[in-house]
Protein chains: 4
Amino acid sequence: MPVPQHIFDPPFNIIRCSHVVLDVADLGASVAFYENIIGLHVEDRDNTSAYLRGSEEHQHHSLVLRKAATPACARLGFRVGDESDLDKAGSFFAENGVLYSFVERPFQGRTLHVTDPFGFRLEFCASMEKRPHLLRRYDLYKGCHPQRLDHFNVFAAEVQDTVDFYARLGFRLTEYAEEDGEGGRIAAAWMQRKGNVHDFAITNGRGPRLHHLAYWVPNPMNILHLCDVMASSGLLTSLERGPGRHGISNAFFLYVRDPDGHRVELYSSDYQTMDHDHEPLRWSLRDPRRQTLWGAPAPRSWFEQGSPFLGQEVREPLFVADVRIAD
Amino acid sequence: MPVPQHIFDPPFNIIRCSHVVLDVADLGASVAFYENIIGLHVEDRDNTSAYLRGSEEHQHHSLVLRKAATPACARLGFRVGDESDLDKAGSFFAENGVLYSFVERPFQGRTLHVTDPFGFRLEFCASMEKRPHLLRRYDLYKGCHPQRLDHFNVFAAEVQDTVDFYARLGFRLTEYAEEDGEGGRIAAAWMQRKGNVHDFAITNGRGPRLHHLAYWVPNPMNILHLCDVMASSGLLTSLERGPGRHGISNAFFLYVRDPDGHRVELYSSDYQTMDHDHEPLRWSLRDPRRQTLWGAPAPRSWFEQGSPFLGQEVREPLFVADVRIAD
Amino acid sequence: MPVPQHIFDPPFNIIRCSHVVLDVADLGASVAFYENIIGLHVEDRDNTSAYLRGSEEHQHHSLVLRKAATPACARLGFRVGDESDLDKAGSFFAENGVLYSFVERPFQGRTLHVTDPFGFRLEFCASMEKRPHLLRRYDLYKGCHPQRLDHFNVFAAEVQDTVDFYARLGFRLTEYAEEDGEGGRIAAAWMQRKGNVHDFAITNGRGPRLHHLAYWVPNPMNILHLCDVMASSGLLTSLERGPGRHGISNAFFLYVRDPDGHRVELYSSDYQTMDHDHEPLRWSLRDPRRQTLWGAPAPRSWFEQGSPFLGQEVREPLFVADVRIAD
Amino acid sequence: MPVPQHIFDPPFNIIRCSHVVLDVADLGASVAFYENIIGLHVEDRDNTSAYLRGSEEHQHHSLVLRKAATPACARLGFRVGDESDLDKAGSFFAENGVLYSFVERPFQGRTLHVTDPFGFRLEFCASMEKRPHLLRRYDLYKGCHPQRLDHFNVFAAEVQDTVDFYARLGFRLTEYAEEDGEGGRIAAAWMQRKGNVHDFAITNGRGPRLHHLAYWVPNPMNILHLCDVMASSGLLTSLERGPGRHGISNAFFLYVRDPDGHRVELYSSDYQTMDHDHEPLRWSLRDPRRQTLWGAPAPRSWFEQGSPFLGQEVREPLFVADVRIAD
């Protein structure tokens, strides 16, 4: 199937994935999980919302937790270059039949809201209130020392169209998994704006849903320690997959589930992809090292479960890829 | 079932597990595996045998590989305090109806051979040729930086009797897994002479067979790197279990299989047990954190496969313990 | 002193620092050092040159070693977006009175040569021959597992002018050290194009000279192991500074000297700086945590020694900053 | 100078170093340091004393802090095999002209007090109240994850006599530093009972004084993190030496000073020494790799400062060894 070309003059300049808004059933339980177990810093909190960030993040928040009746992913947030990019974005979406609105969000500059053609609820802003970063405040480090939000991964019912749409926004493909043979379909795609492996990954499946959000941590020892802490904190069943090494992205990973089942990846290592002639790496769906370099298959829940987007109907995927599941 | 008491004045003084002799089908392939992948140092080698050791080991070898028609475990070797302990050992075995002989072995002092009542082939010596240790020869480090032989683990068909026999030899119980309820049977026992968790572990199963030998490595990063190296060296299927954290012993572990299927554990962390009042830690067979603190069950092969002892018939175990297997 | 503003529409698009060309007295000794001790991969070699790269690098080389009568830094190489950027670069330099030429270099696309107004010899290219990256070829990993060239650091005799010139090229300031008080002068500046802390750092001193080139390594354990290996390889005196933690950039670092005295930093950790509103972090020259978060001062050699640029006269700096030296 | 021989049938059976009693000026400040920065677990505390232990320690305490007018080392504590060893110890000391007394100490069994001929205040006990160990309670881990008390190191004014005396108690020499040439004097000695590098080390200097107590930590990353935490907690000047690699013992080390200046080593790696034929490793005082494999000399304070023993006059050493100091 067609692999999208890199676009170097996109309609507006997306810098990187920036933040995510999650609806959670029990705000206290979720804050406790992300603060004490994962180790994010709570920057602000009231009765209905909490704002958290990683140690290197200057911006006010990369994770917003909102008390809600039903757990969901409310928004995926991206940072654009400057205010003019927001206006260009509005124009682009309007020209492509996508409704947009400008809204006010606490601690953020002017914020553009859209729901893309596939049901992913997005927001864009060019600025956020700043806070001194905490990278050198080791006295405040907790949990697995999460440093920054790294990427989102979503289930899309229409993978190829979704990949093509985001390629038009300037996301560049870095790795992808494809069926073998002529007419083999793309089953998953990793796309970047900030020059590493991904800001946004798209996986074939019932969608639109959030598969996971990922925080980058300094090294594998932080991730091993998180396993130990979760195992001795009554959170054994929240350790969903890993630790292990992805073939894709070469990352050392762990997947955990938060109190509402939202999936969080802790992610270490990565590589650079900012050269204009950087070519996407193709993986055969049949190559077991794609999922895990060390060969252990992922559990069924990892392929099937995800967070719906607020108010969006979930559709069956256009096709069912043949992947290896641990049962 | 009765837990054996610590004996502080054993019939002879076993210092620690010292070395193991493995029969292998292809000496070159086995040496390549242990030298280049695991990272042991080849101290001597001829057409039929190779002698290897870890970086901190002063003694000539802790692993002997012998070319043989049939892969097997030929001997488990233990170090005793001095020459007089060898004579005391001979007397003890004779008094208990166990035949013994003194033999010459290359690079070893006077060596006592016995086959214990359960079919485990043992050898004891008080001295071995010395070599400068290589601990500070980081320029020679290879593989996962194995530092020393740490312990053996065997399948025994008659666990309780085997535990009781080794307790009489002065091995002290540190941890054990037991069925719940009255009359619950011991299914596995970890026993030590050198003051850490174990020199010799005994697991219920078809026996006598060697379950694994274990080398201690400095830290989990060495083990993660070994996974990466094996995965990219065509040895993916030799990664049998892990990496993970044992509940028992708290060790960070990985189990790999050598070219003949002999199982090797790479093992990091440990704790001290030399106090005379150190009490054995009991694990319920039903506690999933016993096998793996992080909850992942071991594969079937791990419970069922092992290396027979040279010339020893393998017997079915007296009972079948109810353990959790990943299938 | 004036801190340069970020420029988002530079005259041509520099993507990142890309490679360095070093003149060395004994090619064999230098290759042995970079291959066996540092762990770079030798991609090509003949009697007069060797080409090396890190494990994640797709491009043919990031380090070129050339046999020469006198050790020197021959070129600092940068990657630009595409071929048109090379022409724009030529025009920009011509307009600013800097001579340029297009040359052919092995394994590189069309290459632009300039010597900047301060004597730094640069080259720019938009493409280089590609090689499969070796990130997942853990079987080939050596040394401290260097993954990619990360940055250059130079001694400049005219720091402020040099900073201003590179700011015009689109380099954005991320951190800087400055004298306290009104009229306090910038003594060092860290500037980036690729979105992390730096591609190019400028330090007050006798210049133009190369202070160091830096390779990024996955984690601090790789750096500790390199210390051990160098200490046991007769390279104790080549361990110049560290290991330690920089306040600046938060990096875990080690500085070593190659056989010609060229300084190499091994560098782990980092943070992202691609937001357009990312503000430079100011350090007082008086803050000891700037150099080393843990307080140990750098040795005198680290402040005074560097590699001259081929054929360039070295000038005294415009001022002498008051820094703390370990003597 | 004469190196003492190993004694395998000592007058009584010392198992290992077990605990230390420190007098501190501000109990709250000291508890805060050892609990929050170092990461020991506070097991009991009242207005005048606090009792702490590492994560693997079953015994009630390995560190006792006592509020006192003057900071000092009050006692070095050793564990013996059983109660009969205490009586044998009393007899031994009486026969050698050393006064002893049996005392009651909180949470300890019958405790023998002696001051050895060189002024070191010791206590011996065969039992202590037990607590469940916290090795698998990763949810309680703090600081640098100290696991167990590993050893003491003292300044002795009469090194050779002190070494000889402790050898008679069954301590076996594992490493020592000696002047070169005939009649070269021992300047430092490392001696063990528990089968690793040391329980008790003796350094030439103004004595009797405690040079340091050492806790074992799982890996170097824990030690690097402690450096970062201390640097960002206003404790920069308490980072006295390291991190680095000792040539002696091969340990990765860091030396810090507590609020009263008592020195604490955090110590990782080690090796086994329990074989009866284990030979002491000699270091020339001139070998710089002895102190630090990576070559950095220790600061003057490290050679000169120590904690006096409660009520003991400090004497000048019999000789001044020629060591390398960083000034």
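The values are calculated or read from the model by the stated rules, or taken from the named source; none is laboratory data. A quick note: this is a predicted structure, and the numbers were derived from the prediction, not measured. No Cβ is skipped: glycine too gets one built from the backbone with ideal geometry, and neighbour counts run over all protein chains shown. Just the protein is used for accessible areas: all its heavy atoms, side chains included, with ligands, DNA and RNA removed. Shrake-Rupley method; radii C 1.70, N 1.55, O 1.52, S 1.80 Å.
Residue-level check: of (1) assigned to a loop (DSSP other than H, G, I, E, B); (2) away from chain C (no Cβ under 14 Å); (3) open to solvent by 30 Å² or more (accessible area, probe 1.4 Å), A:N36 misses just (1).
Under the condition of being open to solvent by 10 Å² or more (accessible area, probe 1.4 Å) and either in contact with a Lys or Arg (Cβ under 6 Å, 6 or more places away or on another chain) or more than 14 Å from C:H19 (Cα to Cα) (or both), the residues counted in the range C:142-157 number 3.
Go through C:S18, C:S30, C:S49 for me and flag whichever is of a type in the set (S, T, Y) and closer than 24 Å to C:G195 by Cα.
Values: C:S30 fails: closer than 24 Å to C:G195 by Cα; C:S49 fails: closer than 24 Å to C:G195 by Cα.
None of the other options fit; the residue is C:S18.
Residue count for the range C:42-54 under the criterion of being touching a helix residue (DSSP H, G or I) at 6+ places or on another chain (Cβ under 8 Å) and either closer than 21 Å to C:Q312 by Cα or surrounded by 23 or more Cβ atoms within 10 Å (Cβ to Cβ) (or both): the result is 2. Taken as a whole, the structure leaves D:T174 outside the set of residues that are of a type in the set (S, T, N, Q), more than 21 Å from D:F253 (Cβ to Cβ) and modelled with pLDDT of 95 or more.
Each residue in the range B:211-267 was checked for being small (G, A, S), touching a residue at least 40 places away in the same chain (Cβ under 8 Å) and within 13 Å of chain C (Cβ to nearest Cβ), and 1 pass. Residue count for the range C:105-120 satisfying the condition of being closer than 17 Å to C:F200 by Cα and in a loop (DSSP other than H, G, I, E, B): 5.
Within the option set C:R245, C:R241, being open to solvent by less than 20 Å² (accessible area, probe 1.4 Å), outside the structural domain of C:H19 (by TED's automatic domain parsing), in contact with a strand residue (DSSP E or B) (Cβ under 7 Å, 6 or more places away or on another chain) and among the basic types (K, R) holds for one residue only, C:R241.
Just checking, does the range D:215-224 include any residue being closer than 28 Å to D:F118 by Cα and buried (at least 24 other Cβ atoms within 10 Å of the Cβ)?
Narrowing the range D:215-224 to residues closer than 28 Å to D:F118 by Cα: D:215-216.
Restricting the remaining residues to those that are buried (at least 24 other Cβ atoms within 10 Å of the Cβ) gives D:215.
Scanning the range D:215-224, I find at least one residue that is closer than 28 Å to D:F118 by Cα and buried (at least 24 other Cβ atoms within 10 Å of the Cβ), so the answer is yes.
In this structure, B:C73 does not qualify as of a type outside the set (G, A, S), within 14 Å of chain C (Cβ to nearest Cβ) and surrounded by 23 or more Cβ atoms within 10 Å (Cβ to Cβ).
One residue stands out in the range A:95-114 among those that are open to solvent by less than 20 Å² (accessible area, probe 1.4 Å) and touching a Gly at 6+ places or on another chain (Cβ under 9 Å): the one that is nearest to A:R53 (Cα to Cα), namely A:T111.
Exactly one residue among C:E57, C:E123 is within 17 Å of the chain's Cα centre (by Cα), part of a loop (DSSP other than H, G, I, E, B), in the same structural domain as C:V42 (by TED's automatic domain parsing) and modelled with pLDDT of 95 or more, and that residue is C:E57.
Just one of the numbered conditions (1) among the small types (G, A, S); (2) open to solvent by less than 10 Å² (accessible area, probe 1.4 Å); (3) farther than 30 Å from D:A167 by Cα is not true of D:S18: (3). The numbered conditions (1) open to solvent by 20 Å² or more (accessible area, probe 1.4 Å); (2) farther than 30 Å from B:L293 by Cα; (3) not in a loop (DSSP other than H, G, I, E, B) are all true for D:D139 except (2).
Return yes when C:L99 is of a type in the set (A, V, I, L, M) and within 14 Å of another protein chain (Cβ to nearest Cβ) and no when it is not. Before the answer, list the steps.
Details: of a type in the set (A, V, I, L, M): yes; within 14 Å of another protein chain (Cβ to nearest Cβ): no.
No; evaluated as a whole, the condition is false for this residue.
B:W294 meets the stated requirement of being open to solvent by less than 50 Å² (accessible area, probe 1.4 Å), within 14 Å of chain D (Cβ to nearest Cβ) and not in a strand (DSSP E or B).
Give the residues of the range B:288-310 that are in contact (Cβ under 8 Å) with a residue 60 or more places away in the chain and within 17 Å of B:L210 (Cα to Cα), sorted by residue number. Break it down stepwise before answering.
Pass one, the range B:288-310, residues in contact (Cβ under 8 Å) with a residue 60 or more places away in the chain: B:290, B:301-304, B:306-310.
Answer for the range B:288-310, where residues must be in contact (Cβ under 8 Å) with a residue 60 or more places away in the chain and within 17 Å of B:L210 (Cα to Cα): B:S301, B:W302, B:F303, B:E304, B:G306, B:S307, B:P308, B:F309, B:L310.
Would it be correct to say that A:Y255 is in contact with a Lys or Arg (Cβ under 9 Å, 6 or more places away or on another chain) and either closer than 25 Å to C:S249 by Cβ or at pLDDT below 95 (or both)? So A:Y255 does not fit the description; no. C:P117 - would you say it is within 25 Å of C:V154 (Cα to Cα), open to solvent by 50 Å² or more (accessible area, probe 1.4 Å) and under 22 Å from the mean Cα position of the chain (by Cα)? Yes, satisfied. Just a yes or no: is a residue in the range B:273-290 in contact with a strand residue (DSSP E or B) (Cβ under 8 Å, 6 or more places away or on another chain), polar (S, T, N, Q), closer than 30 Å to A:M230 by Cα and modelled with pLDDT of 95 or more? Yes, that holds for at least one residue. A search for C-beta distances below 6 Å between a residue of the range B:58-82 that is basic (K, R) and any residue that is surrounded by fewer than 18 Cβ atoms within 10 Å (Cβ to Cβ) and in a loop (DSSP other than H, G, I, E, B), counting only pairs 6+ apart in sequence or on different chains, returns B:K67/B:T48. Conditions: (1) open to solvent by 10 Å² or more (accessible area, probe 1.4 Å); (2) in contact (Cβ under 8 Å) with a residue 40 or more places away in the chain; (3) acidic (D, E). B:D199 meets all but one. Number of the miss? Condition not satisfied by B:D199: (1).
Evaluate the range D:270-284: report whether one residue or more is within 14 Å of chain A (Cβ to nearest Cβ), in a loop (DSSP other than H, G, I, E, B) and touching a residue at least 12 places away in the same chain (Cβ under 8 Å).
Taking the range D:270-284 and keeping what is within 14 Å of chain A (Cβ to nearest Cβ), we get none.
Taking every residue of the range D:270-284 in turn, none turns out to be within 14 Å of chain A (Cβ to nearest Cβ), in a loop (DSSP other than H, G, I, E, B) and touching a residue at least 12 places away in the same chain (Cβ under 8 Å).
Checking the range D:161-171 against the condition returns no match, with no residue being within 14 Å of the chain's Cα centre (by Cα) and over 18 Å from D:L281 (Cα atoms).
In the set (1) within 14 Å of chain D (Cβ to nearest Cβ); (2) out of contact with any Ser or Thr (no Cβ under 7 Å at 6 or more places or on another chain); (3) of a type in the set (A, V, I, L, M, F, W, C), B:C125 fails one condition alone, (2).
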